[in-house]
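Here's the structure, in structure tokens; my notes come after.
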Amino acid sequence: MRTFLRYCTFVFLFFLTGMVVFSQNSQIRGFIYDEADGEPVIFTNVYLKGTTIGAATDVNGYYVISKIPEGNYTLQVTAIGYDTMRAQIHVGKADLISKNLYLKSKKYTLETVVVTAERQQRMTETRISTINISPAQIERLPSVGGQSDFAQYLQVIPGIIFTGDQGGQLYIRGGAPIQNKLLMDGMTIYNPFHSIGMFSVFETDLIRNVDVYTGGFNAEYGGRVSSVMDMSMRDGNKKRHSGKVQATTFGANVMAEGPLKKMKPDQAAAITYVMSAKGSYLEQSSKALYPYATDETSGTLPFNYMDVYGKVTLSSDNGSKFSLYGFRYDDNVNNYMGALDYNWNTYGGAFSFLVIPETVSMLMDGRIAISKYRTDMQEHAVNSPERYSDIFGLTANMNFNYYIGKHEVKWGFEINAGNTNYEFTNFAKQTASLNDRNNEFGVYAKYKGIFGNLIVEPGFRVQWYASLQEISPEPRLSLKYNITPYFRLKASGGMYSQNLIAATSDRDVVNLFYGFLASVENLPEKFRKKDMTSNLQKAEHVVGGMEYDIGRYLTLNLEGYYKNFRQLTTMNRNKMYSRDDVDKPEYLRNDFIIENGQAYGMDFSAKFDLDKIYFWAAYSLAYVERHDELITYNPHYDRRHNLNLLASYKWGKAADWEVSARWNYGSGFPFTPLAGSFEKLIFGTVDEDYTIQNGEIGMLYGKLYSHRLPSYHRLDLDLKKIFFLGQYTTLEANIGVTNLYNRENPFYYSVMENKQINQLPILPNFGLCFKF
């Protein structure tokens, strides 16, 4: 405890060091809102006309302009899709002025704004290994099953690998699913993706913004060693009730939002609500629409889900707000491959707040959240094991942002308390249960300073794992240098740790079961003859790259990365003996083993965005290696090459037609070949005559993951037409095809059946969406 307090003192001194840049000066701050619905306008430019003094709004629409000399100014806001807004401002000595502005949408987007908010953001923030996702970007992707979804867009981001349409998992720059954290309004969602891997639990129209950090993230995030996805949700329409009803060949969803207390003109105060529900009926519709694609045993695509979400927000005039939100997500797979039933569910709720003090240039936010996740799986075969896992979590955190000129200091703390449970029945019908607590406390501080063309963002985090009585000091650093307004160099690095481990092995190619364990202590005392001094999983990241804007519409991004997974914990698939057999090697008798490894490679992306034309290209060259006690191997998600091409085009007087296409190529995944088979005799009593016994088929496997499957490629097309029925009412018709040329893409190779199991074949789809 004393060590932890010493580290906290260091973080506090780090925070004070950042604060020395603060001095008494004049500031203008406030929020930028969309006049039509009161939602914040994010990442847009706010500046004093005729000067170089300005700022960009954040994910809450909040801006701060500091170090303003005394005088009269015109405050101006320019945003793509909105009329330019101007307001006259008088700034006195040491003034702190609050000014909210409301932008009007315009019918046609003029192309005269040379410096967009996106470019301004790239010039003033490090944002290394960070991809920003909005609902508009998600909807440009050809939808699978007629529904645009966050999970589908993740698959076109460089550095991200999905291993399959059915039961596939998400891997980010070499990090396994358990090593990637997803936050929804600051709340951890333990399983954000459904068993049919093309759909997430989130309603696209309720997403405000997502930042995907594929590596090198700074000190405000902790508890994971690979990546973070930070999602913020909308608060709801402050002026009128609106919503949508959608039905497709895969499923249906409804969404509604509106004011419980309306926002008055030029006032931000309101009480709003949002709620949504979406579900799949693919198990039923596939029998009629996709009989050729169904499971040979069940005769269906047996994937079912139901997602419900709701939120109520109280907003004040100065931009402060308080929210209550909750969710329930369910997933069921019935008789998968005729072999098993699987389901999971998660539910939770949170209270969050955003406070703008009247007399201090500070933004303060926090939340208290609880959630629970449970998963069960039952195999149909005789004597097959039963298993389930659950995790309960309680989270409380607060963050404090201070602004001065082009500098920013942020600090905060986070408390996580909970427990995990994993229960399974072995082939001898013996039930084993692992129950562990997971209590963590983190405190961090980071400073961002802009010194001419150089942006410096050092950070420091201290993570105390109380359940293990371990402390992890974690320095972080991000840098960017603007060589010109169009060419930038950047770099980042840091140390990371986590406690949670998966209740499955990283060596399982196909595993619908997704459970959690924590505070595992029965680890080997040595790894490759070296003494182990920690039970935590640990990693270091190093990232370097460049950004280049070619004109106003084309942006290139190139990054190289290296992740050193210094210590990882996984379930032991090589276990042969009881833990009490002390004369046997630890790696053959422990329930868990230690591994380490590296992930390194290069990610390239090119984006062209001109009015009605959009093009995105992303290529990844990646290498992933793992080392256990005996061997070095490439895990099953080690895809060497991955290429995504996405294009969309809108036409018509009101841009009411849109066509989009996506092509994906991926080199083959590793798999373990079959070396041979034999008759496996089961010896029971000493009196049993083995000479007349009919044995089982036993398998002899070759070198682990030494062969590779054929390459993967797929073309998706989509066509949309919008019918304008009234001022706020539209009907959108959508028709599309997934896997247009019906490529037989491999999922895995079944050694028992001696055949390749393929991913989904050609799937035409149709949908209607009514918005009001």
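So which residues in segment 80-97 are in contact (Cβ under 8 Å) with a residue 40 or more places away in the chain and either surrounded by fewer than 13 Cβ atoms within 10 Å (Cβ to Cβ) or touching a helix residue (DSSP H, G or I) at 6+ places or on another chain (Cβ under 8 Å) (or both)?
92, 93, 94, listed by residue number.
Please go through (1) crowded, with 20+ Cβ neighbours inside 10 Å; (2) under 30 Å from residue 761 (Cβ atoms); (3) not hydroxyl-bearing (Ser, Thr, Tyr) for residue 270 and return the number of the only condition it doesn't satisfy.
With (1) crowded, with 20+ Cβ neighbours inside 10 Å; (2) under 30 Å from residue 761 (Cβ atoms); (3) not hydroxyl-bearing (Ser, Thr, Tyr) applied to residue 270, the lone miss is (2).
Is segment 665-673 home to any residue that is touching a residue at least 60 places away in the same chain (Cβ under 8 Å), closer than 20 Å to residue 172 by Cα and part of a strand (DSSP E or B)? Quick ask: steps written out before the conclusion?
If we filter segment 665-673 for residues that are touching a residue at least 60 places away in the same chain (Cβ under 8 Å), which is where we start, we get 666, 668-669, 671.
Those left that are additionally closer than 20 Å to residue 172 by Cα: 666, 668-669, 671.
Checking the rest, the ones that are also part of a strand (DSSP E or B) come to 666, 671.
Checked against the condition, which is being touching a residue at least 60 places away in the same chain (Cβ under 8 Å), closer than 20 Å to residue 172 by Cα and part of a strand (DSSP E or B), segment 665-673 yields at least one hit.
Counting only residues that are touching a helix residue (DSSP H, G or I) at 6+ places or on another chain (Cβ under 9 Å) and buried (at least 17 other Cβ atoms within 10 Å of the Cβ), which one in segment 610-645 is nearest to residue 155 (Cα to Cα)?
Top of the filtered list is 616.
If you take the residues in segment 526-546 that are part of a strand (DSSP E or B) and of a type in the set (A, V, I, L, M), which one is nearest to residue 496 (Cα to Cα)?
Per the stated criteria, the residue is 539.
Residues of segment 517-537 being open to solvent by less than 40 Å² (accessible area, probe 1.4 Å) and either closer than 17 Å to residue 222 by Cβ or among the polar types (S, T, N, Q) (or both), which ones?
518, 519, 522, 534, 536, 537
Look at residue 334 and say whether it is at pLDDT below 95 and in contact with a Pro (Cβ under 6 Å, 6 or more places away or on another chain).
Spelling it out, residue 334 is indeed at pLDDT below 95 and in contact with a Pro (Cβ under 6 Å, 6 or more places away or on another chain).
Just one of 496, 587, 514, 577 is in contact (Cβ under 8 Å) with a residue 12 or more places away in the chain and in a strand (DSSP E or B); which is it?
Only one candidate passes the filter, namely 496.
Which pairs do you get when a residue that is among the acidic types (Asp, Glu), found in segment 24-38, comes within reach of a residue that is open to solvent by 30 Å² or more (accessible area, probe 1.4 Å), reach meaning Cβ atoms under 6 angstrom, with the pair 6+ apart or on two chains?
Within 6 Å, the pairs are 35/104; 37/239.
How many residues, within segment 462-484, are among the hydroxyl-bearing types (Ser, Thr, Tyr), open to solvent by 30 Å² or more (accessible area, probe 1.4 Å) and touching a strand residue (DSSP E or B) at 6+ places or on another chain (Cβ under 6 Å)?
2
Please work out which one of (1) surrounded by 21 or more Cβ atoms within 10 Å (Cβ to Cβ); (2) in contact with a helix residue (DSSP H, G or I) (Cβ under 9 Å, 6 or more places away or on another chain); (3) not small (Gly, Ala, Ser) is the condition residue 137 fails and give its number.
(1)
Being at pLDDT below 80 and in contact with an Asp or Glu (Cβ under 8 Å, 6 or more places away or on another chain), is that true of even one residue in segment 108-115?
Yes, some residue in segment 108-115 is at pLDDT below 80 and in contact with an Asp or Glu (Cβ under 8 Å, 6 or more places away or on another chain).
Restrict the check to segment 289-301 and report whether at least one residue is of a type in the set (Phe, Trp, Tyr) and crowded, with 21+ Cβ neighbours inside 10 Å.
Of all residues in segment 289-301, those of a type in the set (Phe, Trp, Tyr) come to 290, 292.
Of the ones still in play, those that are also crowded, with 21+ Cβ neighbours inside 10 Å are none.
Scanning segment 289-301, I find no residue that is of a type in the set (Phe, Trp, Tyr) and crowded, with 21+ Cβ neighbours inside 10 Å, so the answer is no.
Go through (1) part of a loop (DSSP other than H, G, I, E, B); (2) under 25 Å from the mean Cα position of the chain (by Cα); (3) within 23 Å of residue 134 (Cβ to Cβ) and name the single condition residue 255 misses.
That leaves (1) as the condition not met.
Tally up the residues in segment 311-322 that are surrounded by fewer than 20 Cβ atoms within 10 Å (Cβ to Cβ) and modelled with pLDDT of 95 or more, please.
Number satisfying all stated conditions: 3.
Restricting to segment 612-647, name every residue that is acidic (Asp, Glu) and assigned to a loop (DSSP other than H, G, I, E, B).
Restricting attention to segment 612-647, the residues satisfying the condition of being acidic (Asp, Glu) are 625, 628-629, 638.
Scanning segment 612-647 gives 628, 629, 638.
Going by the conditions given, is residue 596 buried (at least 17 other Cβ atoms within 10 Å of the Cβ), under 24 Å from residue 467 (Cα atoms) and either in contact (Cβ under 8 Å) with a residue 24 or more places away in the chain or hydrophobic (A, V, I, L, M, F, W, C) (or both)? I'd like the intermediate steps shown before the answer.
Working: buried (at least 17 other Cβ atoms within 10 Å of the Cβ): yes; under 24 Å from residue 467 (Cα atoms): yes; either in contact (Cβ under 8 Å) with a residue 24 or more places away in the chain or hydrophobic (A, V, I, L, M, F, W, C) (or both): yes.
So residue 596 fits the description; yes.
Taking segment 705-724 as the search range and keeping residues that are within 30 Å of the chain's Cα centre (by Cα) and not in a strand (DSSP E or B), which one is farthest from residue 673 (Cα to Cα)?
It comes out as 711.
What are the residue pairs meeting all of these: first residue in segment 471-486, first residue free of Cβ contacts under 8 Å to residues at least 24 places away in the same chain and more than 14 Å from residue 122 (Cβ to Cβ), second residue assigned to a strand (DSSP E or B) and polar (S, T, N, Q), Cβ atoms under 9 Å, and 6 or more apart or on different chains?
477/492
When you look at residue 644, is it farther than 29 Å from residue 549 by Cα and in contact (Cβ under 8 Å) with a residue 60 or more places away in the chain, yes or no?
no
Restricting segment 548-581 to residues that are touching a helix residue (DSSP H, G or I) at 6+ places or on another chain (Cβ under 9 Å) and among the hydroxyl-bearing types (Ser, Thr, Tyr), which is surrounded by the fewest Cβ atoms within 10 Å (Cβ to Cβ)?
This residue is 577.
Out of segment 741-772, which residues are open to solvent by 80 Å² or more (accessible area, probe 1.4 Å) and of a type in the set (A, V, I, L, M)?
752
Regarding residue 244, is this residue touching a Phe, Trp or Tyr at 6+ places or on another chain (Cβ under 6 Å), of a type in the set (Lys, Arg) and in a strand (DSSP E or B)?
No: the conditions fail for residue 244.
Which of the residues belonging to segment 59-79 are assigned to a loop (DSSP other than H, G, I, E, B) and exposed (fewer than 14 other Cβ atoms within 10 Å of the Cβ)?
67, 69, 70, listed by residue number.
Of all residues in segment 429-478 being among the acidic types (Asp, Glu) and under 24 Å from the mean Cα position of the chain (by Cα), which is nearest to residue 398 (Cα to Cα)?
Applying the filter and picking the extreme gives 440.
Of the residues that make up segment 156-163, is at least one free of Cβ contacts under 8 Å to residues at least 40 places away in the same chain and open to solvent by 20 Å² or more (accessible area, probe 1.4 Å)?
Within segment 156-163, one or more residues are free of Cβ contacts under 8 Å to residues at least 40 places away in the same chain and open to solvent by 20 Å² or more (accessible area, probe 1.4 Å).
Being within 46 Å of the chain's Cα centre (by Cα) and either among the β-branched types (Val, Ile, Thr) or at pLDDT below 70 (or both) is the filter here; which residues of segment 673-704 pass it?
Selection gives 697 alone.
Which one of 442, 405, 459, 449 is in contact with a strand residue (DSSP E or B) (Cβ under 7 Å, 6 or more places away or on another chain) and over 26 Å from residue 559 (Cα atoms)?
442
The values are calculated or read from the model by the stated rules, or taken from the named source; none is laboratory data. Fair warning: this is a prediction, and the values are worked out from it, not measured in the lab. Using ideal geometry, Cβ is built from the backbone for each residue, glycine included, and neighbour counts are taken over all protein chains shown. Areas reflect the complete protein model, heavy atoms only, side chains present, ligands, DNA and RNA absent. Shrake-Rupley method; radii C 1.70, N 1.55, O 1.52, S 1.80 Å.
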